[in-house]
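Notes follow once the structure below has been shown.
Bear in mind that the values in this text are calculations on the coordinates, not laboratory data. Since this is a predicted model, take the numbers as computed values, not measurements. Please note: Cβ atoms are built from the backbone with ideal geometry, for glycine as well, and neighbour counts cover all protein chains shown.
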Amino acid sequence: MGANISQLERDIGSDQFPPNEHYFGLVNFGNTCYSNSVLQALYFCRPFREKVLEYKARNKRTKETLLTCLADLFYSIATQKKKVGSIAPKKFIARLRKEKAERSQSKPTGGKCGAGDAGSPPEPTWVHEIFQGILTSETRCLNCETVSSKDEDFFDLQVDVDQNTSITHCLRCFSNTETLCSDNKFKCDHCSSYQEAQKRMRVKKLPMILALHLKRFKYVEQYNRHIKVSHRVVFPLELRLFNTSDDAVNPDRLYDLVAVVIHCGSGPNRGHYISIVKSHGFWLLFDDDMVDKIDASTIEDFYGLTSDIQKSSETGYILFYQSIDCN
Amino acid sequence: MAVQLDGGGKEDLKTQFVTREGTYKLMTLSEYSRPNRVGYTNSQGSASVRVSFVTLPDPTDPTGLGDRMCFNFGKELYVYVYRGVKKAVDLNKPVDKKLYKGTNPTCHNFNQTTATADSAPLLVGFSTGQIQLIDPIKKELSKLYNEDRLIDKSKVTCIKWVPGSNNLFLVSHSSGQLYLYNEELLCGTTAPHYQSFKSGDGYAIYTCKTKSTRNPLYRWVIGAEGCCINEFAFSPCGSNLAVVSQDGFLRVFQYNTMELVGSARSYFGGFLCVCWSPDGRYVVVGGEDDLVTIWSFHEKRVVARGQGHHSWVSVVAFDPYTTSYGDHDPDFSGSDDETLPHNNHNHYHEKANRLSTTSQGIHSNRNSCGSELRVSGGTCYRLGSVSQDTQLCLWDITEDVLRQPMCAKQRPSAAGSSTLPTSGTVNSGNGSTTNHHLNNSKHNNLNNINCKENASGNNDSSNNSMSTNTAVSTVNSLTQRLAGLGFGERKGDNHKRNFSLTMRGSGASNSTIIQNSSGDKATTNLNTSSNLNSVSGSLVGANKKVSSVMDDPMRLIGTAWCPRFDECPVLEPLVCKKLAHERLTELVFREDCFVTACQDGYVYTWARPGHMVGPLTISSTLHRPHHHSNPYTNINSLRSNDL
């Protein structure tokens, strides 16, 4: 491991190493790679890291929450004497496991959601400021033609994936018009009854950091289990949204890809999570306690597979796009 | 929104499709690949399969079998005789075949200028940066450039002979550099020392600092450091060079003076591919925004975008042989295989001499380049694009759409993000241009009115345009051809359908069309773009530290470089067809067919309407009579087979 760490410094070059930056791997405590990969991705979402460190500076000696554990961990990474190495997120994992057991709802993105929820009182917090966007769902009753719209907050968008597409296309499909009919009719206030309707969801407020969760684990009735969808979905280093609503405030917001959580393996119940992040213009791969500098051209290895034969794949799972106007 | 786990099964692969000019059909006998197809498995991550053609000038060969085709796959390179739709080739008998170790061929280009009946110089670029010059026909020739990777270590992304040159060629690398080589010069045994020759906004050019002339003659550094150049293309006249890069920029240079004459920015992500319209008036680029972006060389602005692909656009190419057509059935959009047009008719720009076609044919029209547009009414361009989504899109682009000024949509935040004038802020003052545009728009309007009057009588208008097209097809010069194609046969409603503008705001498309008929607006925009140019011009030669508009994508949005999405027309494809299971990597339009290549190593030939070869029609097609009278029988028989 020691050789690997010094290799990283050599790869970056001591004169090129960004000042005040630390690249620390996270020790795996057994099946904690999902948490490690999300933690690294969040650490390299700069606005989020800064807010967590601010929180750490502001709140001394409060009751332990997942957020205080996260703040301690980020603080510990940010104040390391060495530039590279690894660190054991012991307290955070313990807390995460405890809260998970308490709430008994598990999700691979638990790290992020937990961090957001734990510290958030009902009023908007800095987590909202960074990740929150607004989706507006427009529903047109096919009987009276009345269009009603409803806004809802989101912290990430969960998008279906199709074979040989781009994330851009998947996002456009996310906002395709769907028809509500048969069992799924729409209760029209104007008609005061259930009617067939057309519905589409578009983005009204674009968040500072756009988290895109690719729905790569799909329940298949035939097998009676979730299987992994390894479809090749390309994601550009830069993104704008096509599926914004007409009244969107800043529909031209331009995003930069800053981090990707990657699932490696053949199914949801096995495999491994790693992450790649962009820091000071170059890309790093975090695999638990190991950190490597990678060439941007290797990102294409994580788009997915064009062949539909089920096999192991390393595929982008959560994409973090950061608006370029926020720094 | 259900996800198909099989990702769209094999059943929806197209082997034929219908456009308004007829049926295109996959020629299964003209399929090229490695001779031994075993082991065709891992195409993940390997270089794109590209295809190069050359026509050997051999007047003694009446069969016209002078075409050679080269394609790369993995570590291999194959050269075959290419017989288009006519005949299958024994894949076990390539003209030449190469297997490389430790490197992949990534791109290649024949020298059409120096090709003779028994010689066809072929340049090959490699993933490790080297360049090889071979002659697959003569065989003895083999020269290496950048052999020890002293000039550039990164992947060769595009390689092309300088148009009309016997010995100069241009090579781009993923390092963001472009080199000019002379095939007769040596590369030297040491790394070249460069001295600055010229620089401008976002680029710098160096020469080699040596006593004796050596390769490279020039080194162009384009964009930010290490920003991959994905492709470049010479204008049909050879005097302009368009370069697209991973930084999302199209940069167009005057090749000889090395001046940057214009640029554009992607909506987002890198630009991956570039081509020029056959008349040199438009540059089309495709990229990671899944869009096809059309940039006007004369106006120096993005004039339209095409949205239809589901993933990154890998190749864009104009079809110089399909420049216009008459369509008389408003219900036929050409998008459904099961629909046959009622008034379907074909026309071909057949040329008597076969050798003057293919790439040479296009080059012969170079006189049209650079001169002020003289085309009145609507030229209709046919553009093709292929993508990583495994689909082919064909686009019909009419000049009236391209002439629409940028329409600034009223929006609260629009003013804040840009300090540059957008359309509508400058008064028109350029008399000649105004007249020009006014004339054109008047002309268009008149024609449109005429069309509407005709709309009821489908048969009449069909006959009309039939004769128009026949007349046109006898004109040889491409420019004349473009100029001669009036708007007469197109109807207003029909037009809307086929070139529908998917504007974001409801009702926005209507207002756009109204603006279209205003000549003043168009001129306004010309002025705007020249203002923008002067802004960038003032930055030429400035230190890189000086904040350029080009460095800040948020200042580019809403300008001529990168209009907002609802500020310029959005075109829909005429057809969009899934042609393969793997990413499509090549698209070449030829006289009797178009050729696609796929990441899995297959090169497919698609016969144009009327050029299909069935078992019984081989002999007649070999001599290729004019098909104006007989394609219907062909299509019908094929259709019945298909159903």
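Computed on segment B:54-141, the Cα convex hull volume stands at 100 Å³ per residue. Note on segment A:225-327: Cα-only Rg and Dmax are 15.5, 46 Å. Here the simple spin-label model places points 7 Å from the Cα toward Cβ, and for A:Asp295 and B:Thr190 these points are separated by 2.8 nm. Build a GNM of chain A with springs between Cα atoms under 10 Å apart, and of A:Gly271, A:Gly316, A:Gly13 the one that fluctuates most is A:Gly13.
Taken about its Cα centre, chain A carries a charge dipole of about 1100 debye when Lys and Arg each add +1 at the Cβ and Asp and Glu each add -1 at the Cβ. In plain terms, the bigger the Kirkwood radius, the slower the diffusion; for chain A, with that radius from Cα pairs, at 20 °C and 1.002 mPa s, Stokes-Einstein puts D at 101 µm²/s. Checking the cross-link pairs B:Lys75/B:Lys211; A:Lys51/A:Lys228; A:Lys293/B:Lys101 against a 29 Å limit on the alpha carbon distance flags B:Lys75/B:Lys211; A:Lys51/A:Lys228 as lying beyond it. Taking a ≥ b ≥ c as the square roots of the eigenvalues of the Cα gyration tensor, an a/c ratio of 1.5 or more together with a/b no larger than b/c marks segment B:203-289 as oblate.
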